[in-house]
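Okay, structure first, notes after.
The numbers here are math on the coordinates, done by the rules we state, and not lab data. Keep in mind that this is a model prediction, so the values were computed, not measured. FYI the Cβ positions are ideal-geometry reconstructions off the backbone, even for glycines, and counts take in every protein chain you see.
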Amino acid sequence: MVDFQSIVIIEARRRITARRTFFPVIGVTRPPFADAQSDLHLTEGRAFRPGLHEIIASTPCDRQLTDFAIGDKRPIGSADWTVVGHYDEGDVQQCVVLADAEILMSTFNNNSYTQATATLKSVADYPVLQRALEQNPTLHLEVRHEAEAREEGISSLNGLLNFAAYFVGSIMAIGATLGAVNSLYSIVDARRREIATLRAIGFGSAPVAASILCESILLALPGALLGVLLAWALFHRMAVSPFGFSFLLDVTPRLAVIGVLWALGMGLIGGLLPALRAARVPVTTALRAT
């Protein structure tokens with residue numbers, strides 16, 4: 001089953017800030033709720049009627065932008081289009097508007113489709129379809145999975161957010177590591193007599209240094225677990241809209257494990273210098289310390 005689509009980008013205003021933003025109007029040739037396996041679910045109103053200037057908007061449109069209530073008129077091209085329904089599409093938080101493809105193309109005097117979406121019977125049919133279309137000299141098509149196409153659409157945003165996350169995270173990690181170094185230096189200095197006693201009764205430098213490192217890692221563990229719990233409680237499933245893109249934040253178990261490992265690594269690095277100091281302090285000097 002194939003759905004041919006025409007995509008037009010339209011301007012809108014945000015509800016709270018009245019700032020200008022843009023959203024896509026997708027003209028479709030197939031009824032949007034006809035496929036039982038589709039992620040689209042009508043939440044209010046009805047589907048648009050083919051041949052009329054009617055649109056249905058995703059719920060983020062009505063939540064984030066103005067003039068998307070049922071019955072509102074929106075100027076698109078040279079005509080006013082009526083909002084007749086709202087729909088949800090899984091966890092997608094981007095404002096997307098659906099309309100009849102033929103009417104949308106005639107409004108903008110366009111005679112070609114932007115993309116075609118094909119629903120395959122099985123995953124194994126994808127390479128067969130890809131080879132058949134790419135080997136056809138009369139077609140100039142690029143065949144991709146839907147997930148790949150969506151990821152490419154937000155690749156620039158992903159790159160920006162990854163840079164900001166790693167840059168800010170690295171600065172915070174350096175600051176936390178330096179704080180851990182200072183704290184452990186104070187702990188080592190306050191326990192010089194205890195460390196010297198261990199050295200005097202037969203413990204070598206390596207076990208003493210290992211004990212300081214283990215203590216540093218154990219001190220970092222509660223902070224790591226607390227950070228994961230706070231991140232999950234405050235940010236899991238939170239809807240955000242940076243730079244006009246809307247999506248849900250997801251604190252996954254993989255991210256939680258990465259965060260814990262980062263914290264333990266910071267504890268290990270922060271304990272290296274204090275552990276070396278504890279291992280190198282002369283026993284006689286440490287025993288005379290007060």
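Quick look at the numbers
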quantity: The chain - Kirkwood radius from inverse mean 1/r over Cα pairs (Å); calculated: 24.2
quantity: Per-bin percent of Cα-Cα distances, the range 10-64 [5 Å]; calculated: 4, 14, 24, 24, 18, 11, 5, 1
quantity: Orphan Cys of the chain, criterion: no other Cys C-beta under 4.7 Å; calculated: Cys214
quantity: Assigned charges on the beta-carbon of Lys, Arg, Asp, Glu; the chain dipole about Cα centre (debye); calculated: 1800
quantity: Nearest-ten-degree value, helix 125-134 long axis tilted from longest Cα axis of the chain; calculated: 70
quantity: Estimated FRET transfer efficiency (Val257, Ser78; beta-carbon r; R0 45 Å; 0.05); calculated: 0.25
quantity: Extension gain from His236 to Gln115, taking 0.36 nm per residue of separation minus the Cα-Cα distance; calculated: 40.2 nm
quantity: FRET efficiency, Glu152 to Ala206 (Cβ-Cβ, R0 51 Å, nearest 0.05); calculated: 0.45
quantity: Mean Cβ neighbour count within 10 Å, used as a protection proxy, ranking 257-269, 223-235, 49-61 highest first; calculated: 49-61, 257-269, 223-235
quantity: Residue of Thr17, Thr177, Thr114 that the Gaussian network model of the chain assigns the largest fluctuation, springs spanning Cα pairs under 10 Å; calculated: Thr17
quantity: Nearest 10 degrees, 0 to 90: helix 155-190 Cα axis against the chain principal axis; calculated: 20
quantity: Dipole of the range 143-216 [Lys/Arg +1, Asp/Glu -1 at C-beta], most positive-end residue of Gly159, Ala173, Ser186; calculated: Ser186
quantity: Relative counts (whole %) of C-alpha pair distances in the range 56-144, using bins that are 5 Å wide; calculated: 3, 11, 16, 15, 15, 15, 11, 9, 5, 0
quantity: For the range 88-244, alpha-carbon Rg over 2.2 N^0.38 Å; calculated: 1.93
quantity: Cα-based shape type of the range 1-158, given that a ≥ b ≥ c are square roots of the gyration tensor eigenvalues and the cut on a/c is 1.5; calculated: prolate
